[in-house]
Amino acid sequence: MGRVAIVTGGTRGIGEAICKRLQRQGHTVVANYAGNEEKARAFTAQTGIPAYRWDVGDHEATMAGCAQVAADHGPVDIVVNNAGITRDGTLHKMSFDDWNDVMRINLGGCFNMAKATFPGMRERGWGRIVNIGSINGQAGQYGQVNYAAAKSGIHGFTKALAQEGAKFGVTVNAIAPGYIDTDMVAAVPPAVLEKIVAKIPVGRLGQAEEIARGVAFLTSENGGFMTGSTMSINGGQHMY
């Protein structure tokens, strides 16, 4: 059965792979994006998936954006909270804006999207929310107190909201990717990236499609007995 799905940060990287996978599963997929108009237009031209622009860290914009998606495509039953940013630096050098922007978008975005869509899922008796966390939210990472805190918060948010949704047929799960071959990881200096890969037991970076396959299961009818869980897809780098 096809449903309406929103994937935040959905026009590139992991989000793009998730959108394409859910589309192949027969869902009506909408991608959210924050600012790259050129990439969003290219994404829609290639996939036929509409892209809606709003900042998930802005509560009112998110409520309005989700309402517009529902008006255009129908009730939203699947949400994948993938949008995220980095503002790396040690605490000594990190500004409050570096901290606040990451918390507002990465963690606040999950809250805002849930506020916009969870009540409808609960009323209809079916819903799937998947929050994209991170290995660095599980294990921590030097120079990422903001990012690690936000992603760790996502894991706690997932467990708490799952308890609210369970009796209403709404599952809430998280996926914690390891290092995935995306533009964000490509920006890491080669010498540093080589050291990272050396610590991954399977000996390579992950692929965005591998995360998308996890999302496909968690959002399916077959995933109905799995809630409040974090699926670690990290090549064995952190066994948690």
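Nothing in this text is a laboratory measurement; each read-out follows from the coordinates by a stated rule. Remember, it's a predicted structure, so these values are computed and weren't measured experimentally. Reconstructed Cβ throughout: ideal geometry from the backbone, glycine too, with neighbour counts over all protein chains shown.
Stretching the chain fully between Ala198 and Arg41 yields a gain of 52.8 nm (0.36 nm per residue, less the alpha carbon separation). Distances between placed amide hydrogens fall under 5 Å for Gly127 paired with Val170, Thr171, all partners being 5 or more residues away or on another chain.
Each of His73 and Gln163 was given a label point 7 Å from its Cα along the Cα-to-Cβ line. The distance between the two points is 3.2 nm. Taking the square roots of five times each eigenvalue of the Cα gyration tensor of the stretch 188-240, the equivalent ellipsoid has semi-axes of 28, 12, 8 Å, listed largest first. Look at Ser220, Ser232, Ser95 and count the other Cβ atoms within 10 Å of each Cβ; fewest to most, that gives Ser95, Ser220, Ser232.
For the chain, what Kirkwood radius comes out of the mean inverse Cα-Cα distance, in Å?
17.8 Å
Note on the stretch 152-240: along the principal axes its Cα atoms extend 49, 24, 22 Å, ordered by decreasing extent.
Considering only Gly165, Gly89, Gly109, the Gaussian network model of the chain with Cα springs below 10 Å gives its largest mean-square fluctuation to Gly89. Between Asp181 and Asn100, the contour length at 0.36 nm per residue exceeds the alpha carbon distance by 26.5 nm. Once the Cα atoms are used to define both axes, helix 145-165 deviates from the longest principal axis of the chain by about 30 degrees. Once you keep just the Cα pairs under 8 angstrom separated by 6 or more residues, what percentage relative contact order results for the stretch 4-227? Relative contact order of the stretch 4-227: 20 percent. Between the Cα long axis of helix 208-218 and the first principal axis of the chain there is an angle of about 40°, rounded to the nearest 10. The stretch 44-96 and the stretch 122-154 have Cα centres separated by 15 Å.
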